[in-house]
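One structure is given below, encoded as structure tokens.
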Amino acid sequence: MGNYSIQEFINQTKQDESANDYFQLETPRMLEINLSDQVWAKTGSMISYTGDIKFEREGIMEHGLGRMFKKAVSGEGSSLMKATGNGKLYVADQGKKITILDLDNEKITVNGNDLLAFEPGLDWDIHLMKKVAGMMSGGLFNVQLEGRGMVAITTHYEPVTLLVTPDQPVITDPNATVAWSGHLEPEFKTDVSFKTFIGRGSGESIQMKFSGEGFVIVQPFEEVVYSQSSSS
């Protein structure tokens, strides 16, 4: 196992030319976008492309000063790039597993660090988690998406979806929380005894509580994101 001739390796790993969906998983950890117009993707996620595609960071007036101001406050710098043109674009994020969600006039909120790409027809906005800005080292903003179109999210390992019901709230670690129903409003709470019990960093004392009806997507990994506003 693991020994291939060059031709055997090419045959086993070459791109699938038969696929033509707008978003297509080339592998579980690489997304192929069949671009004919434009798409939003995480800055720095481009692996390769064919055809005529141009990339630009989100412009100051792209969605008005309000969103740019909120993003600047989040300390994340420019988190989204716009790819425009015709061709095949391949994107990935540090080998994380990719899941494609097809929204049908639905709303979902995604942790800013776990959003890989989405169709330009979706309405989106950035939501800051102001209450935890001083308590968490990263993941300070979320992106709320709504409408019809595809969204690609990333997780460390396989995601798990937890159902929230009126009689059963769901409590999660913010660093393991990937996305949730767009209408849910998480409540942030601290638990000193929980922090003491775990015996790790200060972030362990923060919890997210989801109440109502909906779902929460979590990953089996606590992703602590440090400010990287100066990097791409």
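The values are calculated or read from the model by the stated rules, or taken from the named source; none is laboratory data. These figures come from a predicted structure and were not determined experimentally. Counting neighbours? That spans all protein chains shown, and the Cβs are built from the backbone with ideal geometry, glycine included.
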Residue pairs within 6 Å by beta carbon, gap of at least six or interchain, first lying in region 141-156 and touching a residue at least 60 places away in the same chain (Cβ under 8 Å), second of a type in the set (Asp, Glu) and part of a strand (DSSP E or B), listed first then second, are MET150/ASP102
Residue pairs within 7 Å by beta carbon, gap of at least six or interchain, first lying in region 180-191 and farther than 20 Å from VAL160 by Cα and assigned to a strand (DSSP E or B), second at pLDDT below 90 and of a type in the set (Ser, Thr, Tyr), listed first then second, are THR190/SER205
Checked THR99, THR84, THR109 against criteria (in contact with a Phe, Trp or Tyr (Cβ under 7 Å, 6 or more places away or on another chain), part of a strand (DSSP E or B) and at pLDDT 90 or above); the one match is THR109
Next on the checklist: Residue under question is SER231, and the condition is that it be modelled with pLDDT under 95, surrounded by fewer than 17 Cβ atoms within 10 Å (Cβ to Cβ) and within 18 Å of SER79 (Cα to Cα); does it hold?
Outcome noted: yes
Sole miss for TYR226 among (1) modelled with pLDDT of 65 or more; (2) within 24 Å of GLN144 (Cα to Cα); (3) not basic (Lys, Arg) is condition (1)
